[in-house]
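Asks: Provided herewith is a single structure, encoded as C-alpha cells, for subsequent inquiry.
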Amino acid sequence: MLSSLEVFSSSFDSADILGGTAGSVIVGRLGKADPSLRILIIESGKDNFNDETLSTPGFFTQSFAPGNKNIEFYVDSKPSKYLDGRQTIVPVGHVLGGGTSVNVMQYTRASASEYDDWNTEGWRFKDLKPLFKKVQSLDCGLTTM
Ligand SMILES: Cc1cc2nc3c(=O)[nH]c(=O)nc-3n(C[C@H](O)[C@H](O)[C@H](O)COP(=O)(O)OP(=O)(O)OC[C@H]3O[C@@H](n4cnc5c(N)ncnc54)[C@H](O)[C@@H]3O)c2cc1C
C-alpha cells in the first residue's frame, strides 16, 4: 500500500499548503512559469467558486453572520490590560482564497518613514516604491481635464 506521501509524489510536482492569499499567488506564479506543473492545493475551507456572497464586494458582511464558516475568529487566550481586560479577537478567512475572499478590498500603504523605520536592507521605501506602483492604478473615468 502506498503512503500518502508516495501518492502525492507520484501525482503532483508541487504542493501548496494553504489556498489563501499568499498561497494562491505562489501557485499562480508557479503555474505561469511552467503550465505543465501539477500543483496540489491543500485548503481546509470550502471552495469559493460561484459563491455570490464572496464575489460581490457589498456582500462581505454575510461572512460575519452567525453560523457562517467563511471567517474564523481567533480569540486571544488571555485578557489584555491594554484592552481594559478584554481579549483580542482576530477574524481570518477560512475559505479558498483566504482573506481575499472575505475582505473589504480596501487598499492603502504606509508612509515612507514607516518602511524606512524597519531599517532592513531591500525593504526601504525606495526599494518598495516600484512594487507599490506596479499594483496601483488610478482610473477616474476621465479622459481629458
Ligand atoms: C474580514 C477581513 C477584512 C479584511 N479587509 C482587508 C482590506 O480591506 N484590505 C486589505 O488589504 N486586507 C484586508 N484584510 C486582510 C487580508 O485579507 C489578509 O491580510 C490576507 O488575506 C492574509 O493573507 P495570508 O495568505 O497571510 O493568509 P490567508 O489569506 O488567511 O490564507 C490562509 C489560508 O489557510 C487556510 N488554512 C488555515 N488553516 C489550515 C489548515 N490547517 N489546513 C489547510 N488550510 C488551512 C485558510 O482557510 C486560508 O484559506 C482583511 C481580512 C479579513 C479577515
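Asks: Report, by residue number, each residue of region 74-132 that is over 22 Å from residue 45 (Cβ atoms) and aliphatic (A, V, I, L, M).
Replies: The answer is 83, 110, 112, 128, 131.
Asks: List the residue pairs whose Cβ atoms are under 6 Å apart, where the first residue sits in region 97-126 and is within 21 Å of residue 64 (Cβ to Cβ), the second is more than 10 Å from the ligand (Cβ to nearest atom), and the two are 6 or more positions apart or on different chains.
Replies: Here the result reads 101/54, each pair linking region 97-126 to a residue that is more than 10 Å from the ligand (Cβ to nearest atom).
Asks: Turning to a different aspect of this structure: Of the numbered conditions (1) within 20 Å of the chain's Cα centre (by Cα); (2) in the same structural domain as residue 57 (by TED's automatic domain parsing), residue 79 fails exactly one; give the number of that condition.
Replies: With respect to (1) within 20 Å of the chain's Cα centre (by Cα); (2) in the same structural domain as residue 57 (by TED's automatic domain parsing), residue 79 is out only on (1).
Asks: Can you find a residue that is more than 15 Å from the ligand (Cβ to nearest atom) and either within 20 Å of residue 18 (Cα to Cα) or small (Gly, Ala, Ser) (or both) anywhere in region 84-92?
Replies: yes
Asks: At least 2 residues that are hydroxyl-bearing (Ser, Thr, Tyr) in each: list the helices (runs of 4 or more DSSP H) lying fully within region 27-145 that qualify.
Replies: 52-55, 99-102, 112-117
The values are calculated or read from the model by the stated rules, or taken from the named source; none is laboratory data. Predicted model, so just to flag it, every value in this text is computed and none were measured. Don't worry about glycine lacking a Cβ; one is built from the backbone with ideal geometry, like all the others, and counts go over all protein chains shown.
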